[in-house]
Amino acid sequence: MDFFWLSVAGLATIAVLSFLYNDNPLYKVAEHFFVGIAAGYVVCAEFYNVFLPNLWNPLTSGTDYWLVIPLLLGLALFTRFSNNIGWISRWPMSVIIGTYAGLAVIGFASGDMVLQVQASLIPVFEPATVSKFSGDPSVMNFLDILKNPLFTLGLIAVLFYFFFSVEHKGGLKHIAVVGTTLLMIGFGAGYGYTVMTRIALLFDRFYFLFVEWLQVASA
Amino acid sequence: MKREIPILITLIFGVFMIVQFFIPHPAVNDIANRLQNWAIIVIAFSYVLGSANILRINGELVYRRGPGWLYKLVLVIAFFMMVIPGMFLGIGEGTWTNDRLFTNTYIPLASTMYASLAFFIASAAFRAFRVRTWQASVLALTAVIVMLGRIPISHMIWHDLPNVVDWVMNVPNAVAQRGILIGAALGAIATGLKVILGIERSYLGRE
């Protein structure tokens, strides 16, 4: 039984990897199977994690009759399939949009903006890093000197790059260039990190194929 | 009815989500939590709506024997293959649906798809990262340094390479991400307020 399921997983892995050669029927079957399984799982997950505990159980046990409102709103979403009464689906959509908008205002303001600005409210220059560098002139100690200027002046340069109310010319252009350069380093780092993460995942798949499933290699 | 009520609903839900933060009174919190729970329930229905839509579109194609109908049939079968045992046996740990079906189909498919993206990212980068300007060179160079620093033998190339990569990730990369986050947060706050106040109404459609 275990080997059967391992083989299912192995064949699924090979089917997806076959796309590296070319778009082929095996990959298309795997792709459609994946979408079907994922959609089915979402329905089950919402049923067990939200529908039963948040709606059905409190409603049927009589503890909260107000829940008839979200039940009706949820069902109203399906009017989207009708041309005549499809506009009713805007009501539940508004519930989702309004909640997300309200939470986004607070979440982004307190979680992202304030915290990020606060983390950059540090001295522009840390004299201790210079004395550390003069004692031990290593690369890492030199990079430590740059830390605070980058987090303060560098951040201003990055933000200035996104500030389009003034034209980026003359001296201001140089600030924008510093901002762009930092952004490029960020994008490059993000790209390199993503590639390495995906490569690690790929090794994991090969480990599964050759060690766990086919057992032609050992760890 | 068609436009005013949705705008009013958006206003009520949006305002309560904001007010609960500034007025932590039990009465306000109670209403806000109740509204949030209602939204979670409606969102759950929206997931089911999405799945129903997938089934409707693919089911129609199978029925009409449209282009690629056999693949669509695989999708529909896979959907019911997950939903039927999932509904009856559950999807938690220890269930057949989770331990056998989900673990041996969804997880290998998803992780292999993410893994194979490594090749596509690399080939796309080869075309996109042509070093035309010095800033493009900075991007390419940073990517190479980060990739080299993440391999197990990076310290053998240069003993400080892993530390330099950590510094790149924690300082200049963090500065760039911080700038983007602050900009995105300002945009999200402005858009959120516009939606709540009914200035932004594109989510209502044309009519």
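Residue by residue along A:169-176, Cβ atoms of other protein chains within 10 Å of the local Cβ number 0 on average.
When a/c is below 1.5 the answer is rounded, else prolate if a/b is larger than b/c, else oblate, so apply that to segment A:120-219 with a ≥ b ≥ c taken from the square roots of the Cα gyration tensor eigenvalues. Because a/c hits 1.5 or more and a/b fails to exceed b/c, segment A:120-219 counts as oblate. Remark: the protein assembly as shown projects, on average over all directions, an area of 29.0 nm² (convex hull of Cα atoms). Split the accessible area of the protein assembly as shown by element, probe 1.4 Å, and carbon with sulfur accounts for 69%.
Considering only the Cα atoms of segment B:15-162, their convex hull presents on average a projected area of 18.2 nm².
Taking the alpha carbon gyration tensor of segment A:77-127, multiplying each eigenvalue by 5 and rooting it gives semi-axes of 46, 8, 5 Å, largest first.
For the pairing of chain B with chain A, what total accessible surface becomes buried, with a 1.4 angstrom probe, in square angstrom to the nearest 100? Counting both chains, the buried surface is close to 10500 Å². Per residue of B:80-89, other chain Cβ atoms within 10 Å of the residue Cβ number 4 on average.
Solvent-accessible surface of segment B:55-181, taken per residue with a 1.4 Å probe and all protein chains present: 55 Å². For residue A:160, neighbours were defined as the other residues whose beta-carbon sits under 15 Å from its Cβ, and their charges (Lys and Arg +1, Asp and Glu -1) total +2. Taking each DSSP H run with n ≥ 4 as -39500 (n - 2.57) and averaging over every residue of chain B yields -25500 deg cm²/dmol at 222 nm.
Across peptide A:157-166, the mean count of Cβ atoms from other chains lying within 10 Å of each residue's own Cβ comes to 3. Derived scalar couplings between HN and Hα for segment B:14-26 equal x, 5, 5, 5, 7, 4, 4, 6, 8, 10, x, 8, x Hz in order, rounded to whole Hz, by the Karplus curve 6.51 cos²θ - 1.76 cosθ + 1.60 (θ = phi - 60°), x for Gly and Pro.
You can think of it this way: the chain between residue A:11 and residue A:45 has 9.7 nm of extra reach, that is 0.36 nm per residue less the Cα-Cα gap.
Ranked by the mean number of other Cβ atoms within 10 Å of their residues, highest first, the peptides A:21-29, A:8-16, A:52-60 fall in the order A:8-16, A:52-60, A:21-29. Among the listed pairs A:147/A:169; A:132/A:169; B:2/B:194, those whose Cα-Cα separation exceeds 30 Å are A:132/A:169.
The residues of segment A:120-219 have, on average, 58 Å² of accessible surface per residue, using a 1.4 Å probe with all protein chains present. Under the combined filter of DSSP loop state and at most 10 neighbouring Cβ atoms within 10 Å, segment B:63-100 retains these trypsin sites (Lys or Arg not before Pro): B:64, B:65. The label-point distance for residue A:2 and residue A:57, in a model that sets each label 7 Å from Cα toward Cβ, rounds to 3.4 nm.
The values are calculated or read from the model by the stated rules, or taken from the named source; none is laboratory data. Keep in mind that what you see is a predicted model, and the values were worked out from it rather than measured. Here the Cβ is made from the backbone with ideal geometry for all residues, glycine too, and neighbour counts use every protein chain on show. Each accessible area value is taken on the protein alone, full model and side chains, heavy atoms only, with ligands, DNA and RNA left out. Shrake-Rupley method; radii C 1.70, N 1.55, O 1.52, S 1.80 Å.
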